[in-house]
Amino acid sequence: MGWKLHLTAVLTALVCVVVYLPDPPYVTDVRKLSTDLQKWHERGKTIKVNGHNVFYIYEKCKNEKLKNPTTFAILHGYPSSSYEYHKVIDALLEIGDVFIHDHVGFGFSDKPAENFTYSMSEAADNALVVWRSVKISRAHVVAHDMGDTVLTEILARRYRGLLPNYFDNFFQSVTFTNGGMKYSLISFRLSQIILPHPTFGPFFSMVGNRLGFDKFFMKKQIASIWSPHANKIDREREIGSIAELNEFKGGFRIFHKNIYYLYDRAHFEFRWFAALAEINIPIRFIWGDSDAVAPISISKFFQSFVPGVEIILIPKGGHFWMLEQPDVWIKEIRKVLK
Ligand SMILES: *[C@@H]1O[C@H](CO)[C@@H](O)[C@H](O)[C@H]1NC(C)=O
């Protein structure tokens, strides 16, 4: 037999074994997580939204001199969680109230394997419900990555007159940070090619989960979008936390599902861009200029048709520049108050 035949036989045998392996158990107990993640969890609460538990942190402004502090409502990205703001939340609390929730499928929120598509419609539904449930009446909304897409879906509903009256005066400003908002300009990662694939995605996700290489793969993928200028030790720690929180509550069971935002991005740009083209609230794009997945060409693309848009580039900023350069993030976000 030739080596190709041997290889095929070995691979086929491996696949047969993996298909019959059970899914490995996963951590559901917060006390088994790192102390940093436990502390983050202690700051928050859980609320039932459309049938799923959603984790959120809602803290009041710590600066007593401010009479009527504004609220920052934050929409986190993929594949992270509210924890991506752990370095900036305290400084942000000096200038306003802060609300951040974990989208279903991420962080401490539920990660259902059935009856949930992880579409941006569902993520937008949930964001609107949680904001309203905790009684935020007005906010500066700041979004990142997948959160950018949740926000454009919400803005599309606003543009089409589909939001409840509650949100009539809700949006004080919207800020987008690094995300693949223009599909054709995304510099796709390997994970973004394999996981959304209708056949290879579920297969890769199952094999990776059962043989335990999803976490390793995720870490490599995230490292590739970190700024090459950032501190490497800190990078490893932050990526470790992101991967740990994905593993929590069985996130790797749904590795091929919570990537669904890419399908929506491929299909709904016309809906979102129409809303951005006639937006009547202050809008900013603040973009790390050294992001391998969402290059600055994406932010510049919006300059051509979004009225009054402000584009700010962050030198040496990677995809997660709120983690890489927290002081710069705060300095830039403060400017929405001017
Ligand atoms: C999903 O929905 C179907 C149809 O409503 C139901 O029969 C099934 O029990 C649900 N599964 C879960 C895990 O909730």
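The values are calculated or read from the model by the stated rules, or taken from the named source; none is laboratory data. Just so it is clear, the model here is predicted, and its values are computed rather than measured. Cβ sites come from the backbone with ideal geometry, for glycine too, and all protein chains shown count toward neighbours. The protein model used for the area step is the full one, side chains on, heavy atoms only, and it has no ligands, DNA or RNA in it. Shrake-Rupley method; radii C 1.70, N 1.55, O 1.52, S 1.80 Å.
Along the axis of the charge dipole computed for the range 25-337 (Cβ charges of +1 for Lys and Arg, -1 for Asp and Glu, origin at the Cα centre), the listed residues I100, G212, F320 are led at the positive end by I100. Here the sum of -39500 (n - 2.57) over DSSP H runs of 4 or more residues, divided by the residues of the chain, equals -12000 deg cm²/dmol at 222 nm, to the nearest 500.
All other residues whose Cβ lies under 10 angstrom from that of D214 are scored, Lys and Arg at +1 and Asp and Glu at -1, for a net of +3. With the Cα gyration tensor of the range 23-170 giving a ≥ b ≥ c as the square roots of its eigenvalues, does the rule (a/c under 1.5 for rounded; else a/b larger than b/c for prolate; else oblate) give rounded, prolate or oblate? In terms of gyration-tensor shape, oblate. Pairwise Cα distances in the range 188-338 exceed 26 Å in 39 percent of cases. Enclosing the Cα atoms of the range 25-337 in their convex hull gives a volume equal to 125 cubic angstrom per residue. Using Cβ point charges alone (K and R +1, D and E -1), the dipole size of the range 188-338 about the Cα centre works out to roughly 200 debye. Helices that extend 15 Å or more along their long axis by alpha-carbon positions and average at least 0.0 on the Kyte-Doolittle scale are, among the DSSP H runs of the chain, 3-20, 120-133, 146-159, 200-211. Of S297, S109, S191, which is the most mobile in a GNM of the chain whose springs link Cα atoms less than 10 angstrom apart? The residue with the greatest mean-square fluctuation here is S297.
Using Cα pairs closer than 8 Å and at least 6 residues apart in sequence, work out the relative contact order for the range 25-337, in percent. It comes to 21 percent, rounded to a whole number.
As a calculated quantity, the FRET efficiency between S304 and A266 at R0 = 22 Å, using C-beta atoms, amounts to about 0.55. Qualifying GluC sites (Glu not before Pro) in the range 37-146, where qualification requires a DSSP coil assignment and no more than 16 other C-beta atoms within 10 Å, comprise E64, E94, E114. Note on L21 and W3: their simple-model spin labels are 2.5 nm apart, each label 7 Å out from Cα toward Cβ.
Pairs with C-alpha atoms separated by more than 28 Å, drawn from the list K4/K257; K39/K135; K135/K300; K32/K87, are K4/K257; K135/K300.
In a DSSP loop and with at most 12 other Cβ atoms within 10 Å, the trypsin sites (Lys or Arg not before Pro) in the range 1-75 are K60, K65, K67.
Quick one: with all protein chains in place, what share of the accessible area of the chain is carbon or sulfur, to the nearest percent (1.4 Å probe)? Carbon and sulfur together cover 57 percent of it. If I build a Gaussian network model for the chain, linking alpha-carbon pairs within less than 10 angstrom, which residue out of L151, L313, L14 has the largest mean-square fluctuation? Sorting by GNM fluctuation, first place goes to L14. Taking each residue as 0.36 nm, the span from T28 to S224 lengthens on full extension beyond its C-alpha to C-alpha distance by 67.7 nm. In this label model, K39 and I281 are separated by 3.3 nm, measuring between points 7 Å along each Cα→Cβ vector. Here the range 25-337 is treated with +1 on each Lys and Arg Cβ and -1 on each Asp and Glu Cβ, and its dipole about the Cα centre works out to around 200 debye.
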